[in-house]
Amino acid sequence: MRMHKKGHLEERLDACSDILTVADLADKNMKRSALVNEHLDYKGIFKNGNPVRLEIGCGKGKFVCETAALNPDINFIAVEKISNVLIDACERVKRENLKNVYFLNCAAEVLTRYIKDSSIEVIYLNFSNPLPKEGYKKQRLTHARFLEIYRRLLTAGGKVIQKTDDKDFFEFSLQSFKDCGYKISSVCEDLKNNPVEGDVETEHERMFKEQGKAIYRIVAEV
């Protein structure tokens, strides 16, 4: 089903331009586009030198906003390619006056255009689309082609933390991390009954728990 475009979307995005970078979509070739250097100036954005974490696929922003509020000494960059969804997250940050959250409206394929190598300590993948059909395997955010991008962005010892309700995607991701040389430091197949301190529940996570679904969590290190 097609998502209804939110009213006055462009004007609302413009009003959030101080906390948002919108990807340059002039070049539709993502490989070529990713080679351009438009790296974000973290110190200019956040006015400090605190560690930076990245959420890929932030949705309406529940996770990043609540996590940022709990961790004021950590900076967060939240990525979402669908601007119609992203605007809700941007406006929440404005309302709550969070100074340690910044947004990037782009696809994961071009992250290296905006994020400096070896500059991110943690990457969060919260309930990414599992894309179960075999033909879409390369589009999964834990496919090897994305894990190599994350490796570039992460600091030494940096982590990818993934949560999903899809068992097949969980198993695919676990094998993909191993095949790409990541060290698996934590695996949980029942997060609902084994909560992790400081781990904020996402919108989807709450819904899936209410449906009685298992929640899987992986922590993989470079």
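The values are calculated or read from the model by the stated rules, or taken from the named source; none is laboratory data. All of these numbers come straight from a predicted model, not from anything done at the bench. No Cβ is skipped: glycine too gets one built from the backbone with ideal geometry, and neighbour counts run over all protein chains shown. Heads up: the accessible areas ignore ligands, DNA and RNA and are worked out on the full protein's heavy atoms, side chains in. Shrake-Rupley method; radii C 1.70, N 1.55, O 1.52, S 1.80 Å.
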Electrostatic dipole magnitude of segment 4-124 [Cβ: Lys, Arg +1; Asp, Glu -1; Cα centre; debye, to 20]: 140
Segment SER186-VAL36, extension gain: residue separation times 0.36 nm, minus the distance between their alpha carbons: 50.5 nm
Label-point separation, HIS8 to GLU197 (7 Å along Cα→Cβ), nm: 4.5
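Using a 1.4 Å probe on the protein heavy atoms, what percent of the accessible area of the chain belongs to carbon and sulfur?
50
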Computed accessible area, ARG206, all protein chains, 1.4 angstrom probe, square angstrom: 110
Residues of segment 1-113: accessible area per residue with a 1.4 Å probe, Å²: 54
Theoretical ellipticity at 222 nm over the chain - DSSP helices of four or more residues, -39500 (n - 2.57) apiece, nearest 500: -9000 deg cm²/dmol
Segment 46-124: mean projected area of Cα convex hull, nm²: 4.8
Per residue solvent-accessible surface (Å²) - segment 172-222, probe of 1.4 Å: 56
For the chain, cysteines whose Cβ has no other cysteine Cβ within reach (under 4.7 Å): CYS58, CYS65, CYS106, CYS180, CYS188
Stokes-Einstein diffusion coefficient of segment 152-222, Kirkwood radius over Cα pairs, 10 °C, 1.306 mPa s, in µm²/s: 124
Dipole of the chain [Lys/Arg +1, Asp/Glu -1 at C-beta], most positive-end residue of CYS65, LEU154, VAL187: LEU154
Inter-part distance where segment 1-58 and segment 98-153 are each reduced to a Cα centre, Å: 13
Cβ charges +1 (Lys, Arg) and -1 (Asp, Glu), total dipole of the chain, debye: 440
The chain - percent relative contact order, Cα under 8 Å, separation 6 or more: 20
Ranked by how many other beta carbons lie within 10 Å on average, peptides 143-152, 117-126, 43-52 from highest: 117-126, 143-152, 43-52
Gyration tensor verdict on the chain (Cα atoms; rounded if a/c is under 1.5, prolate if a/b is larger than b/c, oblate otherwise): rounded
